[in-house]
Structures are given as C-alpha cells and as structure tokens.
Amino acid sequence: MLTPRLRTILAALAMLVLSACGGSDGGKHQAGNGALTINLAKLPAGLPAAVRISGPASYAKTISSGQTLSGLAPGSYTVSADSVLSGNLSWSASAPVQSATVADGATAVVNVSYSSSTLALSMREVARVDGAVFLAAPAGDARQFIVERSGRILVMQDGALLATPFLDLRNRVAASGEGGLLSMAFHPQYASNGWFFIYYTDAGNNIVVERHSVSAANRNLAEPSAVLEIIRIPHPGATNHYGGLVSFGPDGFLYLATGDGGGAGDPDGNAQNLNVLLGKMLRLDVANARGAQPYVIPATNPFAGQSGRRAEIWASGLRNPWRYAFDTERLYIADVGQARREEVDIADRSQAGLNYGWSISEGSLCYNAAICNKSALTMPAFEYDHGSVNGCSITGGYVYRGKAIAELAGRYFYSDYCGGYLRSFLLRDNKVTEETSWTIPDIDGVQSFGQDGNGELYLIASTGKIYRLVRAGSP
C-alpha cells in the first residue's frame, strides 16, 4: 500500500519525466528529432532578414539569417519571409510564404531567394485645416483628431471632418508668437476612462497642461466641464520656445517637453538651471493623483527628493524640443537649434537625468565659445548643419510601426520647416545608419508629424494641408 508521502514522490517523478518529454500536452511531445534548414539567397551581406517560422504545438520563431533549426516535432511548418529595407531598396522574397514537412529524424529544406526594387513613397492629402499643428488618435481608433493652433480640436471620421469640434478652447488659448494649442495625448486607458491631455499657452504667456474627458453621451465630443489643470509653467517675456508636445511614455507616465523660455541664446540660463521647468523634459505620474494634487512625482525621477532641483525634471539642456517620440523603450527628441545645428537626441527610457547641452553646446558644437566642457553632457545621436540643403529648423516625427508599408518598420522620420523634405534613418546597435532622403511630391514647410491609431504617419504643412504617408501607386 502506497503511503501519502510515497504517492507525492512518485507524482513528482512523473512530472519530471513528462517535462523532459516536452511538457504536459496529453502525451504529444512538443520536441522531436526533426530539423528544418532555411537558406537565404541574394540578400545583401549584413542586412538582417525577417523570417518567421510557425509549426506544431504553437512553435514560433523569427530568424534574421539562414540557419538550421533542430529538435523539431514532426509536422507541417510555415516559413514567412517579410520584405526588408536597405536605404530605399526593398528586398522581397520571390515566394514570401512556403511550407515544409518535417519528419522525425530528417531535415527539411526551405530556400528563400530575394530580389530588390526601389521603394517609392508618396503623400496623399487627406484634409486641409487652417492652423493645424498636430494629429493624434487613441490606439486602434479609426478616427483622427486634428489640433488647431487657435484652440480647437477637430475630428476626422471616414475621411471627412465633422462639423462640430471635439473641443473648442479659443476663449482660453493665446496663439501669439509660437503659442497656441500645440498638442494632445490620449491616456493609455482612454477606452475606459475617457481621459485626454492638452498642451497650450494662455493669455499670461504660461504653458498649461490640462486633463479633459470625452463625453459619455457622444464619443465625438469632449465634456466641457470635466477639466483638471495638471501643471502651469510660467514663461515670462518672449513668445517663442514653448516646446509643445505632451505624450505618454511606455511606462504610463506623462511626459512634456518645454522650451527654454525664448530669446536668442537662452538669456536667462533656464535650460541648465535645474530649479526651473523650462528647457526640460518633464515626467509626471497623473494616474496616482491624490485629492487636489493633480500629479505625483515618480519615485524614479532623477531629482526626486533633492533640494534645489525640480523633481518633475527627467532631462535638461533642451532649447526648443518642439516634437519628440517614444519607440518601445527609446525616446527620440528633435531639438530645434539656434543658428548652426539641428539635432536628434536618442536615449533609452531608463536613462534618467541626461543633460543635452544647451546652451553650453548647440548640437555637438560649443555655443558662443571656442571651447567648452562637454564631459557631463550627452551629445546628439544625429545632427545636421543649417543651409540650403538641410534647412534651419528640425521637425521631429516618429519611428514607423504601421502595417501599410511594413518595410519601413524601425525607421525614424523627420523633416525641416525650412527644408520641407522627408528623411529617415535607422538606429541599429545604437548607431544611426541608413540615412535616406525620400522623393515625395513638393509640399510646403512641414511643421509637424502626426500618428493615427494604427501607427500610420501624417505630415502637416504650414498651409494647413494634412498628408498621409503612403506607398507610391497605392489605391
């Protein structure tokens, strides 16, 4: 007769044997003695492929180079080869999807052969809104929300602008100089809480961030009475360099980028002063606000609990970070330069307290000095000189993660207000590679990018015309 203790020991041994055989799957082993060799041909050396393999027992693997996969269970496997991009050359498999049958103790072979073609992009005009400065949408939402500098947010649904604005704050927004209603951000749980946040300048020249709510009765209207002021930042004097973007990071915190307060050369030294909020990237916890306190300081903010330093600060040394973007764990900040250099600062989201240099440096150049101490500064990942070819004022965009032009995945797009072009680069192994200029129809100065709920990109011209980035020749 088995004792309870002996039964427990035998059951544990049985589980160990089952685990060694591939897991608890009703006797059907997840592993086996089969193999699958995938050969890649005619792909440039050093260019990573994107080949997905799926098979029995939920087997899934993605490879970037040819190899042999061993220890496979017998059965049918599907090999899907995505198109990959190098510069503006798209490399596509002649047979994008193939299947192979793996037998126990045998090796199946799949050959994937590539050929190249030039990827051409185009801009499709989707709307015209005088004073448009931004476009956004909740994740997965088919609508687009267009921000007007004068103080309105319009809704575009099924390609048409709705007659009634989503929100109208023209009586509270001051659009003098570079001010106005400059951006909006939807809370990550917008579908359940209905919260969205706006960034604007008021009649007192202050930067204001507020939380608003969508109407429960009509999802195309905001609730006018549901307003909570998150932060108000004094911006005395000049009416330029407000920064302008509010956004949620992948950590769920609210980020906002402020300009240095305006004037040439940061005359008040705001960007390097950790006791003021101008010329900074700020990071706020708006989910755990308590009572009348509209935000709390995340415990991991670099200056939390330090006297003489504002705990809201995430990064410093910024001149006018008009637009920035998150891509998974990376943050791309396009900081507008003074007179010589435009820059993109790129950092991992975990890198807190970085100083991007302004006004000690402009890009990687010393500002207003022959030499300067840059030992404590973080230099740009990417920069360019002013001039007729490059322009004079960078307009930062996004890393493409849409589905319509899958080859573009991972490319960061940007433009220049004076240049009006479309360019991109790829960050690989923490280095900027594949700098590409895209030939697009001529449009006026690009003042902002936008991103819809499916990750597709938009450009907003100074004329108010709004364009969606598309594959040339697409319907």
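The values are calculated or read from the model by the stated rules, or taken from the named source; none is laboratory data. None of the values given here were measured: they were computed from a predicted structure. So basically every Cβ, Gly included, is an ideal-geometry build from the backbone, and we count neighbours across all protein chains shown. Just the protein is used for accessible areas: all its heavy atoms, side chains included, with ligands, DNA and RNA removed. Shrake-Rupley method; radii C 1.70, N 1.55, O 1.52, S 1.80 Å.
Among the candidates 411, 428, the residue that is open to solvent by 40 Å² or more (accessible area, probe 1.4 Å) and not aliphatic (A, V, I, L, M) is uniquely 428.
The set of residues in the range 205-238 that are of a type in the set (Asp, Glu) and surrounded by fewer than 16 Cβ atoms within 10 Å (Cβ to Cβ) comprises 223, 229.
Are there any pairs, at least 6 apart or on different chains, whose C-beta atoms fall under 9 Å, with the first in the range 95-106 and closer than 10 Å to residue 79 by Cα and the second open to solvent by less than 60 Å² (accessible area, probe 1.4 Å) and outside any strand (DSSP E or B), and if so, which? From the range 95-106, the pairs are 96/82; 96/83. Pairing each residue of the range 304-323 that is over 29 Å from residue 446 (Cα atoms) with any residue that is surrounded by fewer than 24 Cβ atoms within 10 Å (Cβ to Cβ) and of a type in the set (Val, Ile, Thr), provided the two are 6+ apart or on different chains, yields C-beta distances under 6 Å for 304/297; 311/297.
Got at least one residue in the range 450-473 being among the charged types (D, E, K, R), within 30 Å of residue 96 (Cβ to Cβ) and free of Cβ contacts under 8 Å to residues at least 12 places away in the same chain?
no
State which residue is nearest to residue 408 (Cα to Cα) when the search covers only the range 25-43 and only residues that are open to solvent by less than 50 Å² (accessible area, probe 1.4 Å) and modelled with pLDDT under 95. By that ranking, first place goes to 32. Report, by residue number, each residue of the range 358-373 that is in a loop (DSSP other than H, G, I, E, B) and either more than 23 Å from the chain's Cα centre (by Cα) or within 19 Å of residue 267 (Cβ to Cβ) (or both). Within the range 358-373, 358, 359, 360, 364, 367, 368, 369, 370, 371, 372, 373 qualify.
Residues checked against (1) open to solvent by 50 Å² or more (accessible area, probe 1.4 Å); (2) touching a Gly at 6+ places or on another chain (Cβ under 6 Å); (3) farther than 25 Å from residue 436 by Cβ; (4) outside any strand (DSSP E or B):
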site	(1), (2), (3), (4)
49	no, no, no, yes
53	no, no, yes, no
62	yes, no, no, no
70	yes, no, yes, no
85	no, no, no, no
92	no, no, no, no
109	yes, no, yes, no
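Determine whether the range 128-135 contains at least one residue that is in contact with a Lys or Arg (Cβ under 6 Å, 6 or more places away or on another chain), loosely packed, with under 14 Cβ neighbours inside 10 Å and either within 26 Å of residue 472 (Cβ to Cβ) or without any contact (Cβ under 8 Å) to a residue 12 or more places away in the chain (or both). Yes: the range 128-135 contains one or more residues that are in contact with a Lys or Arg (Cβ under 6 Å, 6 or more places away or on another chain), loosely packed, with under 14 Cβ neighbours inside 10 Å and either within 26 Å of residue 472 (Cβ to Cβ) or without any contact (Cβ under 8 Å) to a residue 12 or more places away in the chain (or both).
Of all the listed residues (252, 179, 265, 244), the sole one being on the phi > 0 side of the Ramachandran plot, buried (at least 21 other Cβ atoms within 10 Å of the Cβ), among the small types (Gly, Ala, Ser) and at pLDDT 95 or above is 244.
Yes/no per residue for (1) in contact with a Gly (Cβ under 6 Å, 6 or more places away or on another chain); (2) of a type outside the set (Ser, Thr, Tyr); (3) open to solvent by less than 50 Å² (accessible area, probe 1.4 Å):
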site	(1), (2), (3)
306	no, yes, no
312	no, yes, yes
330	no, yes, no
341	yes, yes, yes
387	no, yes, yes
395	no, no, yes
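For the range 156-170, the criterion of a residue being open to solvent by 20 Å² or more (accessible area, probe 1.4 Å), out of contact with any Phe, Trp or Tyr (no Cβ under 7 Å at 6 or more places or on another chain), free of Cβ contacts under 8 Å to residues at least 60 places away in the same chain and closer than 27 Å to residue 285 by Cβ is satisfied by no position.
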